[in-house]
1. Would you say A:Leu50 is more than 19 Å from the chain's Cα centre (by Cα), away from chain B (no Cβ under 14 Å) and crowded, with 20+ Cβ neighbours inside 10 Å?
2. Take the conditions in contact (Cβ under 8 Å) with a residue 24 or more places away in the chain and either out of contact with any Phe, Trp or Tyr (no Cβ under 7 Å at 6 or more places or on another chain) or in a helix (DSSP H, G or I) (or both) and apply them to A:Phe213. Does it pass?
3. Is it fair to say A:Ala237 is more than 25 Å from A:Pro274 (Cα to Cα) and in contact with a Gly (Cβ under 9 Å, 6 or more places away or on another chain)?
4. For residues in region B:94-117 being of a type in the set (A, V, I, L, M) and modelled with pLDDT under 90, which is surrounded by the fewest Cβ atoms within 10 Å (Cβ to Cβ)?
5. Filter region A:251-286 down to the residues that are part of a helix (DSSP H, G or I) and over 15 Å from A:Leu314 (Cα atoms) and list them by number.
6. Of all residues in region B:429-471, which are part of a loop (DSSP other than H, G, I, E, B) and farther than 30 Å from B:Leu93 by Cβ?
7. Identify, please: which residue in region A:128-137 is in contact with a helix residue (DSSP H, G or I) (Cβ under 7 Å, 6 or more places away or on another chain) and part of a helix (DSSP H, G or I) and is, among those, farthest from the other protein chains (Cβ to nearest Cβ)?
8. Look at region A:146-175 and say how many of its residues are within 7 Å of another protein chain (Cβ to nearest Cβ) and within 20 Å of A:Phe136 (Cβ to Cβ).
Amino acid sequence: MNFPILSSLILLPLIGSVFIFFNKSSEKNRAIKYVSIFITFSNFLLSLYLWYIFDKSISDFQFIEDREWISGLINYKVGIDGISILFVVLTAFITPLCVISVISTIKYRLKDFLIAILIMESLMIGVFCSLDLVVFYLFFEGGLIPMFLIIGIWGGERRVYSAFKFFLYTLLGSVLMLVAIISIYWIAGTTDVQELYKIGIDQKYQNLLWLAFFSSFAVKTPMWPVHTWLPDAHVEAPTAGSVLLAAILLKMAGYGFIRFSIGLFPVASEYFVPLVYVLSIIAIIYTSLVALMQDDMKKLIAYSSVAHMGFVTLGIFTMTQQGIEGSIIQMISHGLISAALFLCVGVIYDRRHTRQIKDYGGLVSVMPKYAILFMIFTLGAVGLPGTTGFVGEFLILLGAFKKSFIVAIFASIGVILSAAYMLWLYRRVVFGKIVNADLKNIVDLNKSEKIILWTLAIPSIFYGFYPEPIFNTIDVSINSLIQTYNANLDIYFAGKN
Amino acid sequence: MENINLITSEIFISLSLMSLLILGVFKNNSSSIVYNLSIFTLFLSLLINLNLFSFNNFYLFNGAYKVDHLSNFMKVLVIVSGIFVMLSSSKYLKINKIFKIEYPILLLSSILGMFIMISSNDLMVFYLGLELQSLALYVLASFKRNDQLSSESGLKYFVLSALSSGLLLYGCSLIYGFSGSTNFDQISNNINEVQYGLTLGIVFILVGLAFKISAVPFHMWAPDVYQGSPTSVTIFFAILPKIAALSVFIRFLYVPFINLIDQWQTIIIFVSIASMVFGAVAAIGQRNLKRLMAYSSISHMGFALAGLAVGTNEGIQSSIIYISIYLLMNLAFFSCLFMLKRNDIYYEDLSDLSGLSKNHPILALCLLISLFSLAGIPPLAGFFAKFYIFLAVIKEEMYFLAIVGLLSTVVAAFYYLRVIKTIYFDSQTEKFDINHDIGLKISLLVSTVIILIYFIYPSPLQALISKIVIL
């Protein structure tokens, strides 16, 4: 394969955004609408093709492109393995849906929004493809700018506060990662991930470096206690912004944990496992309890995101095949389901302009189609068997039981709590009698909303029943990841004794 | 005199300076001609300099004057920014009725002074260049004679600068006394042990230089002078003297006193950290954009000094990359500032930017890019500037400096974000004029585009600068 397919995936949306930027805005913005849908959709097809031609039987990186970039220091290097391909596909899958949602809901400065989304897509795909730490950092941090603008320009009342909080929190976490990346360059002589996997990083530096990376990923995940930016950002962001944030941005951190924390610092990862367990458990239980108390639907789902990501970090650091695979499935499932839930909230918010749970109730009698879809996603978030959520949580718990019984018990409590807050939310919003008279003439889903929500519902059920394609893709890579991890630990402990 | 051709551009600038002065005095209403001819002069001297670009390690006047890669590169930076400054500010001068013949002539003589500073290899020559540069700047700062703030800023700058020059001279005399020479190379040969008189001399000179680049704790003049001076002079202040002073910093610290690095390294680290932190924190309360940029430049100088504190060639090179990118970002920002004009009045308050993105989307986008770049957010050029600095700093395992520096960028990000918030999130006000002259548009466009696309291929600048090897 000489065709630079990964770079095309990264560049295509960027080219689209440049085109939209130079497009003279007409009254209906028809051209830019079609262009953005076309670009994101063809990017999705391209990513599917990539998944199709991806060789699932080898654990090495594939489709590698390696070009000189900062001469003598850093190469532009991209490539994917079984872990990253799914996130690339997820990103390319979610973005067209965001674009459709934006086109049908955003009334002002549509052009700017589309440009921001397309740039976001480029950067997010770049994050999952990059095989060089500096390139990774560039994509990882670059996403702050469009997201800041999305929250700040099209957000709700407290958008300025939320946008600032989002930006400064993530920046603060990330600058330490930059120090760590540069340190790695001088310690190991390269920032090429593939090389670093081979030569490893000196153990005496690992703990500090791990903490520096952790500070960035923990903020982005987000883990308790640095999760507080997320509810604010979610609540104030426009629907499409929330979707991007929940579905993809949060996954960058989970991906980073697998790719960098575990891959590069095995000894330190082992050392800090208890810390991650404790923070994850607190995240799962505490934020679930907080979610129970929320009056604002978006805030509730945001807190549930934190709890779900708690499962993800827990699963990753069990260092078992089941745990890590479960985490990846959980991330994908969360990407689909939380995106859908935010869209569901967006649907009724666009009609009634309130997100308070108490303003709704009895939607089932006026919006039956909406009620069905909302039900599917609620059950998905709860982790009902038959949805992807179940597969992920089940595997994570399996991995956790293998490692620590107590941790698994606590995590299981989180499963119960998630059922409590999600079903309670559903009951209050959809069931019951219509108390609020304004709700009587609320319209059911329109065409584009139906398309978006069903497109999200189908894979989350399909892969719930038949997760084989996903396992197929990630199996070999994760297996080799864990093997290298254990081998590294063995070497370390053998050296110690 | 051998090698006299190496100072062709200095000679050329001085000659055209005088002829322009004569032209301006004897011809009525010649300010426009003089202004354009000055730009032309700068352009020609840029060509001359580019011709001399490959000359390295040539000495003139018994070693008092040095032409090498450092001086060539810095001179080109000075000329390029001088050209852009003049291109972007002509309309501002006309509208504020300070479009006089003295203005370009003073600018030229200041640039000539900087040339001498940059090439100086001797304390006396360096001092002469510094004073030529500063004297022109005193007048420029108070060029808007009828304006109270402008006069105040000129006076303030003069008094404080004279004080720092005095300290600097005292330092020179101490160094001469203890080392027996004023020539940098000779000093380097003559000193072989730590002498406290010598250290004291270094400290005095560092104080003088820190004053010129407005590093904490010698920054007090900067906010007032930035705010009070005409904006066309502020942009000059923000860029050119810093390039010149930085190259003197490099030459002064690394040629004669590299063996005494233990003596001055701590000072530079302290000044660097203090500038980064103070510049970031103090800017938070600012409402005036020019004042804001003064604090921002204080903080940026802290980063440039962090590169110098390292004591390696990489450190020096990273500082030079930093100042080159800093130049672009400031140019972009101030060009935007020149566009905030409504009915012949220029606006420079934060609140005036409110809702700019709705009225002037392109201008707002340029500001957005330059501000995010100033904040050092990837993938814009400002990030790479910081990246190179920290690459050099961390190589020498100066983690404290690196972490403090990076944390201060987070604080600094806050006030840049606030400007962006005003532009993008706030409700709109009246529109500004859009009849800008072509020079301004060019300088805005060129600088913004370079900032934006720098990340695609950062190697050329790096390759150019990696030739500058001092140690």
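The values are calculated or read from the model by the stated rules, or taken from the named source; none is laboratory data. Note that the structure is predicted; figures quoted are calculated from it, not measured. When we count neighbours, we look across all protein chains shown, and the Cβ atoms used for this are built from the backbone with ideal geometry, even at glycine.
1. yes
2. Yes, satisfied.
3. For A:Ala237, the condition - more than 25 Å from A:Pro274 (Cα to Cα) and in contact with a Gly (Cβ under 9 Å, 6 or more places away or on another chain) - is met.
4. Among residues in region B:94-117 that are of a type in the set (A, V, I, L, M) and modelled with pLDDT under 90, the one surrounded by the fewest Cβ atoms within 10 Å (Cβ to Cβ) is B:Ile95.
5. A:Met252, A:Arg259, A:Phe260, A:Gly263, A:Leu264, A:Pro266, A:Val267, A:Ala268
6. Hits for region B:429-471 are B:Tyr457, B:Pro458, B:Ser466, B:Lys467, B:Ile468, B:Val469, B:Ile470, B:Leu471.
7. Here the residue is A:Phe128.
8. 4
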